[in-house]
Amino acid sequence: MELVARPETNGGASFISQTTMNIVSRSSYGQKNVSNISREIRPARALANVTVDAEEKRRIDDRISNLKDEVANYERERGELDAGLAAVLEEDKAFIARLEGVKKRKDKITEVRNSKVKIESKLNRNKANLQHLKNQPSAEAERVKKKQELFNITKKRIQIAKEYTALARSIIEEQTEATRAGIRYLQIGANKAALQELCNKKDEKYNTALAEFDKVDEEFRAVKGRSKAALEESREVVQNVEEDLREQYNEIEAKRTQYDRDLTAAEANGTTPPSADGVDVRTVDELQAELNRQQAKLELNLNTNPGVVEQYEKRKRDIEVLEKTIETKQKSAEKIEKSIKAARDNWQPGLEKLVASIGEKFSASFDRIGCAGEVRISQHEDYEKWAIDILVKFRDTEKLQLLTGQRQSGGERSLTTILYLLSLTEEARAPFSLVDEINQGMDQRAERSVHNSMVQVTCKADSAQYFLITPKLLPDLMYHERMKILCVNNGEWLPEEHDLGNMMNMIDGYLAHNRKGKPSTAAH
């Protein structure tokens, strides 16, 4: 099937074997596995009984016999030619062997010739060096010359050392002066910064004080204007009232003025303030409020009808009933809230502990595959809207994002789902769990990590049964002795006998057959 489904055939083909038709195709996804669909070819209905011409059949059979004879002749000629070709090939091998020997001798001669040229060149260089050494002066003259050169070099070194010492002393003095200048520069900079900060604070205080002064001055001018207008208005009113009211007003004003003077003097001298008996010390706002109340009473007395009092009493009674109802409702609501709080205090810590345990396992599973994940509770005032939020991150450049059907790919959602289910396994109380094709769409690294995590979690002694249904698995996966693998075979080539369908029996039979047919070897 691999040959039929090779890429040159566009990944699939159909062929017929005896009475069975096979349709081979290659998947476009994942590992591009090959699948085969087989079905029986029904017997022909039309043209099933066709008469054969005996003469034509005999002629064709004779033709076939003649062709077979010709093929036999060609085969004999081919055998003769093959024998001749074998002899020629033997001679060719002998010639090739001789040619190889000649080539080796030629290479050896070339190697010796190159070695001779190198030796002659080296000999010429040595002769030239020997002649150069003979032409050089004697050792004593060379020693005197070298001694004089050393003396001259020593004098130069002494002079350079003296210059270096002088330069070092000057550099020390200049470095000291530069250090002092740097310290002075830093001190001046610090002083400047401190003065600048002080000036800024002064400016800020000045601006704040100026703004407060402007504000107070504006308020003072406004109050002064209102006071002046009120004074003019009060004088005009006083001039237009009756004589006895004017005298009463002047008397009250004189007492209030004298009281204000005595109070100011007492505050300035630190003595006991004067008594306010007989003095009207109410403010303008209090007097205005009293005036409004008196006017309201006057209007009430003038405009009252007989039904107003009865309506007032009725509304008062209704208000009292409503207040009692509200108080009862509030007490009932407080009682319900306390009951809800008590119930929530009973189950919320357990829920948070459970979700925290699941989230810890979920985060650890994501850490093992180089990603990040988190599980937390999404609270809401309406308890029906409480939910579990799953946040995941599959790339280093991303942040944790809520798992949705639009933001992550299908493989990422499958990976998150199986890791969340594995995190729930240790907390669940179900007798078994079943997942179907959860590894579809995952890459090999994620699928292998998920399988290893599944084996570690589900193969513990206290774990419930866990069923994984999948059409394919990666090679060299982790295996545990508590695991059981069930292979379901389906197709055209299955045996019809029921007792032949046990795969383990077939494997055991194959091994037993091999052991029986293998000859035993004696130990030496």
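The values are calculated or read from the model by the stated rules, or taken from the named source; none is laboratory data. All of these numbers come straight from a predicted model, not from anything done at the bench. All Cβ positions, glycine included, derive from the backbone under ideal geometry; neighbour counts span all protein chains shown. The area values use the complete protein model at the heavy-atom level, side chains included, leaving out ligands, DNA and RNA. Shrake-Rupley method; radii C 1.70, N 1.55, O 1.52, S 1.80 Å.
Key figures
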item	result
Enumeration of residues in the stretch 429-443 that are touching a helix residue (DSSP H, G or I) at 6+ places or on another chain (Cβ under 8 Å) and not in a loop (DSSP other than H, G, I, E, B)	Ser433, Val435
Where a residue in the stretch 282-293 is under 20 Å from Val223 (Cα atoms) and its partner, wherever it lies, is aliphatic (A, V, I, L, M), with Cβ under 9 Å and at least six apart	Val284/Ala230
Test result for Thr328, over 41 Å from the mean Cα position of the chain (by Cα), at pLDDT 80 or above, of a type in the set (Val, Ile, Thr) and more than 30 Å from Thr257 (Cβ to Cβ)	yes
Residue match in the stretch 371-380 (condition: open to solvent by less than 50 Å² (accessible area, probe 1.4 Å) and out of contact with any helix residue (DSSP H, G or I) (no Cβ under 9 Å at 6 or more places or on another chain))	no
Filter result for Glu310 (open to solvent by 90 Å² or more (accessible area, probe 1.4 Å) and either β-branched (Val, Ile, Thr) or modelled with pLDDT under 85 (or both))	yes
Candidate set from the stretch 24-43 (those that are assigned to a loop (DSSP other than H, G, I, E, B) and touching a Ser or Thr at 6+ places or on another chain (Cβ under 8 Å)); member that is surrounded by the most Cβ atoms within 10 Å (Cβ to Cβ)	Ser27
Number of positions in the stretch 444-485 that are open to solvent by 80 Å² or more (accessible area, probe 1.4 Å), within 21 Å of Ala364 (Cβ to Cβ) and not in a helix (DSSP H, G or I)	3
Which numbered condition Ile358 misses (of (1) among the aliphatic types (A, V, I, L, M); (2) touching a Ser or Thr at 6+ places or on another chain (Cβ under 7 Å); (3) not in a helix (DSSP H, G or I))	(3)
Single condition Arg256 does not satisfy, out of (1) at pLDDT 85 or above; (2) open to solvent by less than 100 Å² (accessible area, probe 1.4 Å)	(1)
Residue that is at pLDDT 85 or above, among the charged types (D, E, K, R), open to solvent by less than 100 Å² (accessible area, probe 1.4 Å) and assigned to a helix (DSSP H, G or I), where the choices are Glu204, Glu177	Glu177
Selected residue [of a type in the set (D, E, K, R) and either open to solvent by less than 50 Å² (accessible area, probe 1.4 Å) or in contact (Cβ under 8 Å) with a residue 12 or more places away in the chain (or both)] from Lys399, Lys361, Lys385, Lys353	Lys361
Glu437 being under 17 Å from Met454 (Cα atoms) and either open to solvent by less than 70 Å² (accessible area, probe 1.4 Å) or of a type in the set (Asp, Glu) (or both)	yes
Residue match in the stretch 284-295 (condition: farther than 26 Å from Ser227 by Cα and modelled with pLDDT under 75)	no
Meets criteria (aromatic (Phe, Trp, Tyr) and in contact (Cβ under 8 Å) with a residue 12 or more places away in the chain) for Tyr259	yes
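Yes or no, residue by residue, for (1) modelled with pLDDT of 75 or more; (2) open to solvent by 80 Å² or more (accessible area, probe 1.4 Å); (3) in a helix (DSSP H, G or I):
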residue: Leu210; (1), (2), (3): yes, no, yes
residue: Phe213; (1), (2), (3): yes, yes, yes
residue: Phe220; (1), (2), (3): yes, yes, yes
residue: Gly225; (1), (2), (3): yes, no, yes
residue: Ala230; (1), (2), (3): no, no, yes
residue: Ser234; (1), (2), (3): no, no, yes
residue: Arg246; (1), (2), (3): no, no, yes
